[in-house]
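Working notes for the structure below.
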Amino acid sequence: MTNSLVDTLELNRRRLKASKLLAVFDRDGTLAPITDDPRQAVVPREVRDLLARLAQARGVKAGVLSARSLRRLEGDFGGCNLILAGNYGLEIYIPGHEQFRHPQAERWRPLLVRARDSLAEGLGAQTGAILEDHGFSLCLHWHLTPARMRGVVDGAVGSLARDFPDLRVRCLPTSYEIWPPIDWDKSASLDEIKKICGLDDWLCLFAGDSEGDEPAFRWVNAQGGISIRVGEKGDSAATCRLQSQRQIVELLRDLVALRRPDR
Ligand SMILES: [Mg+2]
């Protein structure tokens, strides 16, 4: 294989081929295209199939690590033999292992439900904001909110922060995330996966497209692995950069080809 993405990125082909490999990918903006309505963002069939094939290769574990709920990931990737980490990995399904759930996650669920209902009431029906309940976190997307209604959204989030001081509100470029008071990010999730599976000497690869993926890039770098940021926006700790999501498909194809048993 010549001029593959593996070569373009100057990745070590021999190492990728010979190492035991943990390859984990963010979902939205990395595996699935971003859509106006996040509820409509679908993982392309080709991507799903390539991940499933990669997961079948000897000495490879492949997975998806997302802000979405584990249930949603199971809907996307059920039957693919993939590691699935939802809510940034507060809940993790690993084939052949008991499901991991962060010991504090369940405890905060009733408060999140109350916060969700209170937020929905404060927003009303006219703001165009989309409130997603991921189970152990909430996400409020406001990018479809008309400028004249932004004050209503910000006001509702402000009230939420006052009424539920235990919860954490993260302001992202086009959304708010509402989280329980648990110190956790995607790096903690990768660490948990590595511990549960006993992957001490495995090569780790992680690809993502946003600020929420940066802790995972730093973790992977510290492990001597391969970190890949998709898209040209934003500074990143990732050691590789892909211009577009389309290149993730190319990378998956390269990895599948490299890990074929006859090569
Ligand atoms: Mg993403």
Selection status of LEU84, touching a strand residue (DSSP E or B) at 6+ places or on another chain (Cβ under 7 Å) and without any contact (Cβ under 8 Å) to a residue 24 or more places away in the chain: yes
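Counting only residues that are within 15 Å of the ligand (Cβ to nearest atom) and touching a residue at least 40 places away in the same chain (Cβ under 8 Å), how many does region 214-227 have?
Matching residues across region 214-227 total 1.
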Candidate set from region 18-49 (those that are among the small types (Gly, Ala, Ser), within 24 Å of ASP133 (Cβ to Cβ) and surrounded by fewer than 19 Cβ atoms within 10 Å (Cβ to Cβ)); member that is farthest from the chain's Cα centre (by Cα): ALA41
Restricting region 93-128 to residues that are over 30 Å from ALA55 (Cα atoms) and among the hydroxyl-bearing types (Ser, Thr, Tyr), the residue that is surrounded by the most Cβ atoms within 10 Å (Cβ to Cβ): THR127
Residue that is of a type in the set (S, T, N, Q) and more than 30 Å from ARG246 (Cβ to Cβ), where the choices are SER210, SER187, SER175, SER118: SER118
Boolean, ARG162 is charged (D, E, K, R), assigned to a helix (DSSP H, G or I) and not assigned by TED's automatic domain parsing to the domain that holds LYS233: yes
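Per-residue answers, yes or no, for (1) of a type in the set (Asp, Glu); (2) buried (at least 21 other Cβ atoms within 10 Å of the Cβ); (3) assigned by TED's automatic domain parsing to the domain that holds LEU11; (4) at pLDDT 95 or above:
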| site | (1), (2), (3), (4) |
| --- | --- |
| ASP209 | yes, yes, yes, yes |
| GLU214 | yes, no, yes, yes |
| TRP219 | no, yes, yes, yes |
| ARG229 | no, yes, yes, yes |
| LYS233 | no, no, yes, no |
| ALA237 | no, no, yes, yes |
| GLN245 | no, no, yes, no |
| LEU252 | no, yes, yes, yes |
| ARG263 | no, no, no, no |
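The values are calculated or read from the model by the stated rules, or taken from the named source; none is laboratory data. Just so it is clear, the model here is predicted, and its values are computed rather than measured. Cβ sites come from the backbone with ideal geometry, for glycine too, and all protein chains shown count toward neighbours.
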